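**Q** Supplied in structure tokens, the structure appears directly below.
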């Protein structure tokens, strides 16, 4: 299992509640994978995974943050649980993501 990343802004409920409503904050948890947090207008937070496949970003909603309720590992997630779910998302993808530099020829073809 990969090591959990640290983030002063996202680790604790108290820190997350200080973030601006509607703003998104991302922390990279491994190459090509980031964990995102957003406080909604209702004041609760949501987690999402952002994965870069070399061409575009792919997003997946993970669940509600444990800002106001205790984490249960299913639909209400702590910072560490959300990281684990984001890593599981990349592992379960049927189309493995190859993270390598794009050549000039490939970049021209994509135009």
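The values are calculated or read from the model by the stated rules, or taken from the named source; none is laboratory data. Remember, predicted model here, so these are calculated numbers, not experimental data. As a convention, Cβ positions derive from the backbone with ideal geometry for all residues, glycine included, and neighbour counts pool all protein chains shown.
**Q** Considering each residue of region 23-47, count those that are out of contact with any strand residue (DSSP E or B) (no Cβ under 6 Å at 6 or more places or on another chain) and over 17 Å from residue 68 (Cβ atoms), and give that number.
**A** 3
**Q** Here's something else I'd like to know. Does residue 56 count as at pLDDT 80 or above and touching a strand residue (DSSP E or B) at 6+ places or on another chain (Cβ under 9 Å)? Break it down into steps so the answer makes sense when it comes.
**A** On the way: at pLDDT 80 or above: yes; touching a strand residue (DSSP E or B) at 6+ places or on another chain (Cβ under 9 Å): no.
Against the criterion (at pLDDT 80 or above and touching a strand residue (DSSP E or B) at 6+ places or on another chain (Cβ under 9 Å)), residue 56 does not qualify.
To keep it simple, each residue is scored yes or no on (1) over 28 Å from residue 107 (Cβ atoms); (2) touching a residue at least 12 places away in the same chain (Cβ under 8 Å); (3) loosely packed, with under 12 Cβ neighbours inside 10 Å.
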site: 58; (1), (2), (3): no, no, no
site: 64; (1), (2), (3): yes, yes, no
site: 71; (1), (2), (3): yes, no, no
site: 74; (1), (2), (3): yes, no, yes
site: 78; (1), (2), (3): yes, yes, no
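**Q** State all residues of region 26-42 that are in contact with a helix residue (DSSP H, G or I) (Cβ under 8 Å, 6 or more places away or on another chain) and part of a loop (DSSP other than H, G, I, E, B); if no residue qualifies, say none.
**A** Residue satisfying the conditions is 32 alone.
**Q** Could you check how many residues of region 32-67 are over 14 Å from residue 78 (Cβ atoms) and within 12 Å of the chain's Cα centre (by Cα)?
**A** The qualifying residues number 15.
**Q** Mind listing whichever residues of region 30-53 are surrounded by fewer than 16 Cβ atoms within 10 Å (Cβ to Cβ) and modelled with pLDDT of 85 or more?
**A** 40
**Q** Which of the residues belonging to region 11-25 are in a strand (DSSP E or B) and either touching a residue at least 40 places away in the same chain (Cβ under 8 Å) or buried (at least 16 other Cβ atoms within 10 Å of the Cβ) (or both)?
**A** Once the filter is applied, which keeps residues that are in a strand (DSSP E or B) and either touching a residue at least 40 places away in the same chain (Cβ under 8 Å) or buried (at least 16 other Cβ atoms within 10 Å of the Cβ) (or both), region 11-25 yields only 25.
**Q** Residue 68: more than 19 Å from residue 6 (Cβ to Cβ) and modelled with pLDDT under 80, yes or no?
**A** yes
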